[in-house]
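> Structure provided below as structure tokens; questions to follow.
All of the numbers you see were taken from the coordinates with simple rules; none came from a lab. Bear in mind the structure is a predicted one, so any value in this text is a computation, not a measurement. With ideal geometry, Cβ positions are generated from the backbone for all residues, glycine too; neighbour counts draw on all protein chains shown.
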Ligand SMILES: [Zn+2]
């Protein structure tokens, strides 16, 4: 089941666009920034993920090399369990 399509926008809960998805992504896949999604340069990186370029909301979540990104459909990508 596809949960994101190439070109889908990464958006914060306030509707600001922070990037886009670079390929079709199915449920349960793990994501990395290279090849899977792209963020605008203004998105600020923290230890837990990236913040929206225009407000403090999170647009990615990070754990041990894997990411979740927030799209209009919700959080996509699987975080590695530690
Ligand atoms: Zn925002």
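> Would you mind ranking 80, 21, 69 by Cβ crowding within 10 Å, fewest neighbours first?
Fewest to most other Cβ atoms nearby, the residues stand as 80, 21, 69.
> Hey, got the Cα dimensions of the chain along the principal axes, in Å, largest first?
31, 28, 20
> In nm, to one decimal, how far is the modelled label at residue 38 from the one at residue 2, with both set 7 Å along Cα→Cβ?
1.9
> Which order results if 67, 62 are arranged by neighbouring Cβ count within 10 Å, fewest first?
62, 67
> Please compute the length gained on full extension between residue 72 and residue 24, using 0.36 nm multiplied by the number of residues separating them and subtracting their Cα-Cα distance.
Length gained, residue 72 through residue 24: 15.8 nm.
> Let me ask something else. Helix-only mean residue ellipticity at 222 nm, the chain, DSSP H runs n ≥ 4 weighted -39,500 (n - 2.57), per residue, nearest 500. What is it?
Dividing the helical sum by the residues of the chain leaves -500 deg cm²/dmol.
> How do 2, 9, 70 line up, fewest other C-beta atoms within 10 Å first?
So the residues, fewest neighbours to most, are 2, 9, 70.
> Can I ask one more? Any chance you could run the full-extension gain for residue 46 through residue 14? It's 0.36 nm times the residue separation minus the Cα-Cα distance, nm to one decimal.
The residue 46-residue 14 span can extend by a further 9.6 nm.
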